[in-house]
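J.: Questions regarding the structure given below will be posed in turn.
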2 protein chains.
Amino acid sequence: MGKVFADISMSLDGFIAGPKPTLKEPLGRGGEQLHEWIVRLAAWRKPHGKPGGETGPDGNVMEESVSNTGAVIMGRRMFSGGEGSWENDPKADGWWGDNPPFHVPVFVLTKHAREKVNKKGGTSFTFVTDGIESALSQAKAAAGNKDISIAGGANTIQQFIRANLLDELQIHMVPVLLEGGTRLLENLGDTKLEKIRVIDSPLVTHLKFRIKK
Amino acid sequence: MGKVFADISMSLDGFIAGPKPTLKEPLGRGGEQLHEWIVRLAAWRKPHGKPGGETGPDGNVMEESVSNTGAVIMGRRMFSGGEGSWENDPKADGWWGDNPPFHVPVFVLTKHAREKVNKKGGTSFTFVTDGIESALSQAKAAAGNKDISIAGGANTIQQFIRANLLDELQIHMVPVLLEGGTRLLENLGDTKLEKIRVIDSPLVTHLKFRIKK
């Protein structure tokens, strides 16, 4: 049985996206800074079909998560954006393109039933309308012994933590201040964390926690 | 010329005190957890007149700051608390006792003029009514070549950062969630940080930043 984990970049002041996200700027104002450490990595470029890139501690951290992920769960807005999304256009596939970077089955939490979509490279999108526990049991069946990644957004990760369904949370803390946007660490009730690892590099500090049950 | 720095404990969700601080519980609900890593240290116990305590990486981090501090600046509430403070009783000396743990001149930002108070062990409290720049120039004169510690609270540290008067910020990040209280990293305009050091220990992660000017 794999674990259920979330890996997410967060600003030092606690935001996983800046203010006013749009389809063109999905991470909000200043939010792209949160991903600067990722997009230069070979471990990010490869699943996105791009050659080259950097290796090192940050790459190892990312590789470690990705290589053992057997299924992904995400919220509807992470699949398709906010305003003007596929809910108005049932054939639209969000912004992930023909060959999305997941390469495993993805389960999308949504209120809108929809046929499963199969993409190139092993990614499929299954739309789950009956809540996080159903998504988790479908993801577990798909993942076999591998891990389940709760990809986001904040609200989805918070739901899994509150329901006591998340085993590990890794925050990639980027030393920038966004001064507004979407917070990760709120609405968590009396969640207790156990810090299990910290890896620091020039661009980011990787803080890994076990959620106490 | 020493540097101007702030060293402060913060929860993973960004709070330096929990909700509803009182004179009896000055760090608010749950806030004492932020200081559990400190009060066990020899480097904390010694200036508080207590024997024993632990040594190690956390102690070294604290010792490093304290040993080169020549003067301290703090806000009025840090000196004397919130409700029922000395502003109603001009002879009260806050909660710092006869032999406060600073052992250097302390400059208190306040709207209420008051005579300087000399304490045992080298601590004095000077009350500054004309703003942070005046407090800083008085603190520099008192500190000589040593550093100036901006002790808090959040509002005072924010004022120094906004005025471009803080050189270094060290956050002692404690892996707890307070879910409310006083935030450190807000109202900072477009402040940019450069991460200069991370030291991790089981109870706390020490993140040191230079404020870019």
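The values are calculated or read from the model by the stated rules, or taken from the named source; none is laboratory data. All figures in this text were calculated on a predicted structure; none of them were measured in a lab. Positions of Cβ are generated from backbone atoms using ideal geometry, with glycine treated the same way; all protein chains shown enter the neighbour counts.
J.: Is there a residue in segment B:77-100 that is within 15 Å of the chain's Cα centre (by Cα), within 22 Å of B:Ala43 (Cα to Cα) and at pLDDT 95 or above?
T.: Taking every residue of segment B:77-100 in turn, none turns out to be within 15 Å of the chain's Cα centre (by Cα), within 22 Å of B:Ala43 (Cα to Cα) and at pLDDT 95 or above.
J.: Another question, then. Which condition breaks for A:Asn155 when tested against (1) surrounded by fewer than 17 Cβ atoms within 10 Å (Cβ to Cβ); (2) over 30 Å from B:Phe209 (Cβ atoms); (3) in contact (Cβ under 8 Å) with a residue 24 or more places away in the chain?
T.: Going through (1) surrounded by fewer than 17 Cβ atoms within 10 Å (Cβ to Cβ); (2) over 30 Å from B:Phe209 (Cβ atoms); (3) in contact (Cβ under 8 Å) with a residue 24 or more places away in the chain one by one, A:Asn155 breaks only (2).
J.: Among the residues of segment B:197-213, which ones are assigned to a loop (DSSP other than H, G, I, E, B) and surrounded by fewer than 20 Cβ atoms within 10 Å (Cβ to Cβ)? It would help to see each step written out before you state the result.
T.: At the first step, the residues of segment B:197-213 found to be assigned to a loop (DSSP other than H, G, I, E, B) are B:201-204, B:212-213.
B:Ser201, B:Pro202, B:Leu203, B:Lys212, B:Lys213, listed by residue number.
J.: Now for a different question. Any idea which residue in segment B:24-72 is farthest from B:Gly144 (Cα to Cα), counting only those that are hydroxyl-bearing (Ser, Thr, Tyr) and either in contact with a Phe, Trp or Tyr (Cβ under 9 Å, 6 or more places away or on another chain) or surrounded by 16 or more Cβ atoms within 10 Å (Cβ to Cβ) (or both)?
T.: Within segment B:24-72, the first condition is being hydroxyl-bearing (Ser, Thr, Tyr), and the residues that meet it are B:55, B:65, B:67, B:69.
Keeping just the survivors that are either in contact with a Phe, Trp or Tyr (Cβ under 9 Å, 6 or more places away or on another chain) or surrounded by 16 or more Cβ atoms within 10 Å (Cβ to Cβ) (or both) gives B:65, B:69.
Numbers: B:Ser65: 16, B:Thr69: 10 Å.
For segment B:24-72, the residue satisfying everything is B:Ser65.
J.: Here's another thing I want to ask about it. In the list A:Glu194, A:Glu186, A:Glu179, which residue meets the criterion of being closer than 28 Å to A:Lys20 by Cβ, among the acidic types (Asp, Glu), surrounded by fewer than 19 Cβ atoms within 10 Å (Cβ to Cβ) and within 12 Å of another protein chain (Cβ to nearest Cβ)?
T.: A:Glu186
J.: Do you know which residues across segment B:12-67 are acidic (Asp, Glu) and part of a helix (DSSP H, G or I)?
T.: Pass one, segment B:12-67, residues acidic (Asp, Glu): B:13, B:25, B:32, B:36, B:54, B:58, B:63-64.
If the condition is that a residue be acidic (Asp, Glu) and part of a helix (DSSP H, G or I), then B:Glu32, B:Glu36, B:Asp58, B:Glu63, B:Glu64 are the ones that fit.
J.: Keeping to segment A:157-176, report how many residues are more than 9 Å from chain B (Cβ to nearest Cβ), not charged (D, E, K, R) and not in a loop (DSSP other than H, G, I, E, B).
T.: Qualifying residue count, segment A:157-176: 9.
J.: Restricting attention to segment A:181-205, which residues are out of contact with any helix residue (DSSP H, G or I) (no Cβ under 8 Å at 6 or more places or on another chain) and within 25 Å of B:Gly30 (Cβ to Cβ)?
T.: If the condition is that a residue be out of contact with any helix residue (DSSP H, G or I) (no Cβ under 8 Å at 6 or more places or on another chain) and within 25 Å of B:Gly30 (Cβ to Cβ), then A:Leu185, A:Asp190, A:Lys192, A:Leu193, A:Glu194, A:Lys195, A:Ile196, A:Arg197, A:Val198, A:Thr205 are the ones that fit.
J.: I would also like to ask the following. Can you name every residue in segment A:28-50 that is closer than 18 Å to A:Gly97 by Cα and without any contact (Cβ under 8 Å) to a residue 12 or more places away in the chain?
T.: A:Val39, A:Arg45, A:Lys46, A:Lys50
J.: How many residues are more than 7 Å from chain A (Cβ to nearest Cβ) and more than 25 Å from A:Lys212 (Cβ to Cβ) if we restrict to segment B:197-213?
T.: The number of residues fulfilling the criteria is 6.
J.: Name every residue in segment A:17-48 that is out of contact with any helix residue (DSSP H, G or I) (no Cβ under 8 Å at 6 or more places or on another chain) and more than 20 Å from A:Pro202 (Cα to Cα), in order of residue number.
T.: A:Pro19, A:Lys20, A:Thr22, A:Leu23, A:Lys24, A:Pro26, A:Gly28, A:Arg29, A:Lys46, A:His48, listed by residue number.
J.: A:Pro21 is checked against (1) under 30 Å from B:Arg183 (Cα atoms); (2) at pLDDT 90 or above and fails just one. What number does that condition carry?
T.: (2)
J.: For segment B:108-116, state whether one or more residues are surrounded by 16 or more Cβ atoms within 10 Å (Cβ to Cβ), farther than 16 Å from B:Pro47 by Cβ, modelled with pLDDT of 95 or more and not basic (Lys, Arg).
T.: yes
J.: Consider A:Ala135 carefully, then state whether it is modelled with pLDDT of 95 or more, assigned to a helix (DSSP H, G or I) and either more than 14 Å from every other protein chain (Cβ to nearest Cβ) or within 23 Å of A:Ser80 (Cβ to Cβ) (or both).
T.: yes
J.: Here's a follow-up. What do you reckon, is A:Phe5 more than 14 Å from chain B (Cβ to nearest Cβ) and among the aromatic types (Phe, Trp, Tyr)?
T.: yes
J.: Right, here's the next one. Output yes when any residue across segment A:102-122 is in contact (Cβ under 8 Å) with a residue 60 or more places away in the chain, under 17 Å from the mean Cα position of the chain (by Cα), away from chain B (no Cβ under 14 Å) and assigned to a loop (DSSP other than H, G, I, E, B), and no when none is.
T.: The answer is no; no qualifying residue exists.
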